Amino acid sequence: MIRTDVIVIGAGLLGCFTARNLMRYPLDVLVLEQEADVCRGISKANTGIIYPGYDQKPGSEKGKLCVQANEAFDRLCQELDVPFVRPGSLMVGYGPQADRRIRRKFDDGAAGGVKGLRLLCGAEAEEMEPALGHGVTSALYAPGTGTLDPWELCIAAYENARANGAAFRFHSRVERIRRLADGFEVETEDETYRAAVVINAAGLSSDRVRELVEQPRLRLYPTAADYVVLDRGVSGAPRHIVFHEGEDGKGLTLVPTIDGNLLLGPTTRDQSEEEQTAMDMRVDADGLAWLAALCRQVAPGLDLSAQIRTFGSMRPNPFYVTEKDGVILREEKSLKDFKLLEEDGLFSLIGIKTPGLTFSNELGKLVAKKAAERTGRTALRADFDPVRTGIVRARDLSEEDWAARIMQNPAYGDVICACMTVTRAEIEQAIRRGAADYEGVRRRTGIGMGRCQGSRCRRRVLDILGGKPRD
Ligand SMILES: Cc1cc2nc3c(=O)[nH]c(=O)nc-3n(C[C@H](O)[C@H](O)[C@H](O)COP(=O)(O)OP(=O)(O)OC[C@H]3O[C@@H](n4cnc5c(N)ncnc54)[C@H](O)[C@@H]3O)c2cc1C
């Protein structure tokens with residue numbers, strides 16, 4: 001039996017940021033994750049946008065968190081050494097209904113304190129963003145919209161939580177939770193743990209994890225999403241993040257990513273039966289065709305033949321449910337706001353959809369504070385260190401700096417991935433920092449993310465993983 005103060009279930013963005021912020025308090029914290037590494041759930045497959053907050057109801061908890069988080073993002077990324085840019089966004093409409101919705105978002109954003117918003121006419125938007133096709137009827141410009149690599153942020157939060165003392169156990173699926181007089185007993189296949197507080201950040205399974213101790217109240221009914229990634233330097237790409245607001249409300253998002261690719265997506269569609277049972281993240285050919293058709297309207301000059309990758313995701317849509325004669329009945333409407341349920345020391349983060357990436361640190365802070373209050377240990381640690389340093393990437397170095405690195409560590413001269421310029425030194429550091437498999441190395445270094453998608457370098461990475469990294 002292992003005792004700790006707080007157990008966090010799930011090592012996605014929310015679990016890792018909750019753990020990071022819990023370490024501001026004098027608490028023993030253990031994170032249990034069923035997979036081999038962090039960031040293997042929803043956090044691995046999203047649009048990577050740091051939203052300004054005009055999409056949320058002004059004054060709502062979600063809206064306030066988002067605006068606050070967006071403003072604090074540069075500082076967060078400096079602390080965690082995560083590359084982050086703010087290309088700004090244009091939400092573009094093509095008709096009267098879209099124009100009305102864009103106007104409403106402008107009003108909501110202004111009321112919610114989003115800075116720098118501007119309403120533009122179609123001609124102004126087309127002038128600001130030459131990649132747009134003609135026919136834009138109005139647009140909302142938000143200079144504060146940003147983008148980053150969500151994996152890198154999640155990994156940084158994990159490393160910083162660990163450096164401050166949080167423990168992580170992988171391959172540890174929580175299967176049973178029992179409420180005790182003074183806390184909880186939590187069981188995985190191999191171990192039993194005791195803690196005063198349990199934080200359920202289990203993403204798509206957060207409803208079922210909660211039901212290990214509580215009656216059904218909220219259930220997730222996921223819908224699927226498809227994405228396409230275009231190669232770096234693709235012609236016809238926008239400089240801004242572009243949200244296309246269709247007349248029916250459904251639209252396309254184009255994101256010039258931090259690595260120079262262009263991300264298109266996401267679609268919204270019901271899951272296939274296979275996806276429902278596998279909770280897998282696949283792509284759907286109709287969804288991809290829909291994206292391509294919208295692209296031809298929004299950014300007609302875009303070279304769609306430069307596609308290098310597709311991926312799928314799942315949205316954890318929460319619905320209230322009631323149980324009648326053993327049957328779960330779902331209410332009509334999905335909850336718009338997220339739910340942080342607090343039930344006698346069990347905190348459940350259920351249905352945290354967009355903008356969960358944007359406010360992951362802020363929400364983590366909020367949950368950590370509540371958990372600390374529950375344990376009565378609210379004095380802040382003087383030795384908490386919010387700073388983490390990332391892996392130095394050869395592709396970000398000047399020629400002189402790269403040469404100097406090679407002098408210190410010759411593995412910086414051994415380029416394993418030519419598409420993304422990733423060296424053996426970076427792969428070895430990724431392994432030392434916790435990458436247990438190819439996927440973990442890929443997420444920490446960007447290897448295999450270029451044009452060849454790993455077909456030329458995967459073998460060598462597996463060889464390095466199989467042997468011990470050389471110093
Ligand atoms: C399609 C899509 C696009 C999005 N785009 C954006 C965006 O651009 N900007 C933005 O701000 N937000 C965006 N979001 C929202 C954001 O991605 C999520 O809010 C966030 O990733 C949720 O993280 P999480 O930690 O709750 O879940 P996850 O990342 O799914 O983490 C949950 C973890 O719990 C683990 N787990 C589950 N059950 C157990 C168990 N029994 N025992 C142990 N471990 C368990 C899982 O393996 C997983 O690792 C998007 C979401 C979606 C779906």
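One table, with the values for the structure above:
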{"item": "Kirkwood estimate for the range 208-358, i.e. one over the average of 1/r between Cα atoms, Å", "result": "17.5 Å"}
{"item": "Additional length obtainable on full extension of the chain from T322 to R269, 0.36 nm per residue less Cα span", "result": "16.6 nm"}
{"item": "The chain: Cys lacking any partner C-beta under 4.7 angstrom", "result": "C16, C66, C77, C121, C295, C419, C452"}
{"item": "Global form of the range 401-471, assessed from the alpha-carbon gyration tensor, a/c cut-off 1.5", "result": "oblate"}
{"item": "Most to least packed among 331-338, 29-36, 149-156, 256-263 [average Cβ atoms within 10 Å]", "result": "149-156, 29-36, 256-263, 331-338"}
{"item": "Fraction of accessible area attributable to carbon and sulfur, the chain (%, probe 1.4 Å)", "result": "47 percent"}
{"item": "Mean Kyte hydropathy of 0.0 or more with a Cα span along the axis of at least 18 Å, helices from DSSP in the chain", "result": "285-298"}
{"item": "Heavy-atom accessible area order for R239, R118, largest first, 1.4 Å probe", "result": "R239, R118"}
{"item": "Protein-only accessible surface order, largest first, of K365, K324, K250, K105 at 1.4 Å", "result": "K324, K250, K365, K105"}
{"item": "Förster-model FRET efficiency, 41 Å R0, L462 and A382, C-beta, rounded to 0.05", "result": "0.40"}
{"item": "Gain upon complete extension [T192, R75; 0.36 nm per residue less C-alpha separation]", "result": "38.3 nm"}
{"item": "J(HN,Hα) series, the range 233-240, from Karplus relation 6.51 cos²θ - 1.76 cosθ + 1.60, nearest Hz, glycine and proline x", "result": "x, 4, 6, x, 7, x, 8, 9"}
{"item": "Accessible surface of K115 - all protein chains present, 1.4 Å probe, nearest 10 Å²", "result": "140 Å²"}
{"item": "Bins of 10 Å from zero: percent of alpha-carbon pairs in the range 291-393", "result": "10, 22, 25, 23, 14, 6"}
{"item": "Computed helical MRE - 222 nm, the chain, DSSP H runs ≥ 4 contributing -39500 (n - 2.57), nearest 500", "result": "-9500 deg cm²/dmol"}
{"item": "K339 paired with A404, simple spin-label distance in nm, labels 7 Å along Cα-to-beta-carbon", "result": "5.5 nm"}
{"item": "Largest-first ellipsoid semi-axes for the range 86-167, taking √(5λ) over the Cα gyration tensor eigenvalues, angstrom", "result": "36, 15, 10"}
{"item": "Accessible surface of R162 - all protein chains present, 1.4 Å probe, nearest 10 Å²", "result": "100 Å²"}
{"item": "Estimated FRET transfer efficiency (I2, A36; beta-carbon r; R0 22 Å; 0.05)", "result": "0.60"}
{"item": "Cα gyration tensor, the range 1-149 - rounded (a/c under 1.5), prolate or oblate", "result": "prolate"}
{"item": "Burial order of peptide ranges 377-383, 387-393, 205-211 (average beta-carbon count within 10 Å, highest first)", "result": "205-211, 387-393, 377-383"}
{"item": "Chain lengthening between H134 and A285 when straightened (0.36 nm per residue, less Cα-Cα)", "result": "51.6 nm"}
{"item": "Pairs beyond 29 Å (Cα-Cα), from K105/K333; K62/K333; K62/K369; K250/K365", "result": "K250/K365"}
{"item": "Where Rh is the Kirkwood radius over Cα pairs, Rg/Rh for the chain", "result": "0.97"}
{"item": "I427 accessible area, 1.4 Å probe, all protein chains in place, Å² to nearest 10", "result": "0 Å²"}
{"item": "Accessible surface, 1.4 Å probe, highest first, among residues D396, D231, D303", "result": "D396, D303, D231"}
{"item": "For the chain, accessible area per residue (1.4 Å probe, heavy atoms of protein chains only), Å²", "result": "44 Å²"}
{"item": "16 Å tail of the calculated P(r), the range 224-271, as % of Cα pairs", "result": "41 percent"}
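The values are calculated or read from the model by the stated rules, or taken from the named source; none is laboratory data. Just so we're clear, the structure is a prediction, and the values are computed from it rather than from any experiment. Heads up, the Cβs are rebuilt from the backbone with ideal geometry, glycines too, and the neighbour counts pull from every protein chain shown. Ligands, DNA and RNA are stripped out before the accessible areas are found, and what is left, the full protein with its side chains, is counted by its heavy atoms. Shrake-Rupley method; radii C 1.70, N 1.55, O 1.52, S 1.80 Å.
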